[in-house]
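Below: one structure, written as structure tokens.
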Amino acid sequence: MAAREKLNDLLMDVFLLDDGELGDELRRADLDTWDSLGTVSLAVGVEEVFGYHMTPEEATGLESVGGLVALLRTKGIEIE
Amino acid sequence: MVALPLSYSFAFVNQWVWATVHERKLIPTEGFRDPAALRQALVDARDAMLCLVGVQGPLLAAAFEGEVFNGVIRLHFAGGRFPQEQLPTLRQLFPRASITNNYGCAEAMPRLTVRSAEANELSANVGRPLPGIELSADDTQLLRFRSVYGAVAVFEGGRLREIGTEDWVPTGDLAEQEDDGTWRLLGRTGEVFKRHGEKVSTAQMLETVGQTWTAEAATYPDEDRSGEPGYVLVLAPAPDQVGVRTLLRVIRSRHARAQWPLRIEGRETLPRLANGKVDAAALSAEEGPVLWDQRT
């Protein structure tokens with residue numbers, strides 16, 4: 001499975017999103033399910049799926065899906 | 001040896017009283033342990049009353065799907081969660097019956113409240129107190145009752161104590177009174193807790209689940225990775241991924257994340273005690289596929 005597909009599956013699973021809601025432009029502020037628990041859930045999921053353990057600062061500092069994609073790229077995980 | 005008040009067998013008592021008052025036969029059956037005999041009893045029934053506990057609603061629907069029992073004119077549910085979502089099926093099975101949600105507790109005889117099935121869409125709504133019954137809830141929402149009938153007795157330090165007409169008796173349930181005077185159960189005292197500062201009621205979650213999931217559902221307590229209390233939602237039979245997604249969408253629309261289940265697990269069937277209630281200990285001990293994990 002491609003990394004983008006894995007990421008989309010993870011986001012749908014963590015934030016209970018529908019297909020139409022997915023996209024790099026999706027912002028934390030616009031998503032009711034991206035709260036503090038959602039941040040924990042996302043961090044655990046990223047480690048499960050991509051093997052990268054986010055620091056608390058990285059996890060709480062994310063503002064959008066695009067930000068997560070950019071962070072993962074800096075760690076050598078290419079999301080096409 | 002443990003002596004239990006007769007009201008622990010309320011479904012039996014209710015049918016026995018009804019049969020006595022209306023001079024009818026009391027037809028004992030082995031219930032779902034012998035579905036064929038139960039079916040025959042229902043076929044033979046004439047102007048009969050049937051009193052069940054909530055979990056038997058889905059069992060009835062599954063065992064006798066498509067059948068019609070015109071001889072039952074009263075269908076009472078007097079224990080556990082009222083199977084509101086099974087109402088269309090129950091209506092097909094028992095087209096002549098009035099269906100009611102009768103709420104009470106072990107110390108309450110006859111019952112505390114009653115409402116017709118159609119009077120409210122929430123299974124947790126138990127209606128208004130019966131004549132002679134007062135209900136109240138304190139700041140912690142612990143529901144108590146007082147009854148002009150007095151009551152049987154309760155164990156207190158291993159001894160029996162008579163309950164007087166002035167005594168307030170805790171029901172063991174948490175509840176809120178609605179604006180229209182009816183009462184809505186929030187769950188047993190152990191089923192309402194705080195998780196990350198948010199009040200969680202597993203009874204309310206089962207209410208939400210029941211809006212889209214008409215098969216069996218139950219919860220058992222667990223902790224998340226940080227040691228916070230939570231619960232696991234168990235569905236039987238296990239739905240497919242589309243079914244899980246549909247359910248999660250409904251949960252998302254109605255509940256804050258802290259109120260979501262830690263996991264959703266599937267089972268072929270829910271383990272049950274002899275009285276038809278879910279066997280909570282067996283439920284948590286059994287293993288089943290994890291259909292969704294909140295990862296918290």
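Across chain B, the longest run free of exposed loop sites, meaning GluC sites (Glu not before Pro) lying outside DSSP classes H, G, I, E and B with no more than 15 other Cβ atoms within 10 Å, spans B:179-267. Farthest toward the positive end of the dipole of chain B, out of B:197, B:250, B:137, is the Cα of B:250, where the dipole comes from beta carbon charges about the Cα centre.
Along the axis of the charge dipole computed for the protein assembly as shown (Cβ charges of +1 for Lys and Arg, -1 for Asp and Glu, origin at the Cα centre), the listed residues B:116, A:46, B:294 are led at the positive end by B:116. Hey, can you grab everything whose amide H is under 5 Å from the amide H of residue B:127? Only 5+ residues off in sequence or another chain; H modelled, so Pro and N-termini drop out. The answer is B:183.
Counting charges near residue B:238 (Lys, Arg +1; Asp, Glu -1) among other residues having Cβ under 10 Å from its Cβ returns a value of -2. I need the trypsin sites (Lys or Arg not before Pro) found in region B:22-120, filtered to DSSP loop residues with at most 12 other beta carbons within 10 Å of theirs. Loop-located and lightly packed - B:25, B:46.
Evaluated at q = 0.11 Å⁻¹, a Debye calculation over the C-alpha positions of the protein assembly as shown (equal weights, vacuum) places log10 I(q)/I(0) at -0.86. Across chain B, the longest piece that holds none of the chymotrypsin sites (Phe, Trp or Tyr not before Pro) lying in DSSP loops with up to 15 other C-beta atoms within 10 Å covers B:1-148.
Put in line by how crowded their Cβ is, counting other Cβ atoms within 10 Å and starting with the fewest, A:19, A:32, B:224 read A:19, A:32, B:224.
Across peptide A:36-44, the mean count of Cβ atoms from other chains lying within 10 Å of each residue's own Cβ comes to 5.
The mean number of partner chain beta-carbon atoms within 10 angstrom of a residue's beta-carbon across peptide B:195-203 is 1.
Restriction of the GluC sites (Glu not before Pro) in region A:1-62 to DSSP coil positions whose beta-carbon has at most 16 other beta-carbons within 10 angstrom yields A:25.
Region A:47-69 and region B:231-252 have their alpha-carbon centroids 27 Å apart. A simple charge model with +1 on the Cβ of Lys and Arg, -1 on the Cβ of Asp and Glu and nothing else charged puts the dipole of region B:196-293 at about 420 debye relative to its Cα centre.
Read-outs throughout are calculated quantities, based only on the coordinates presented, and are distinct from any laboratory measurement. On a predicted model such as this, the values are computed, not experimentally measured, just so you know. As a convention, Cβ positions derive from the backbone with ideal geometry for all residues, glycine included, and neighbour counts pool all protein chains shown.
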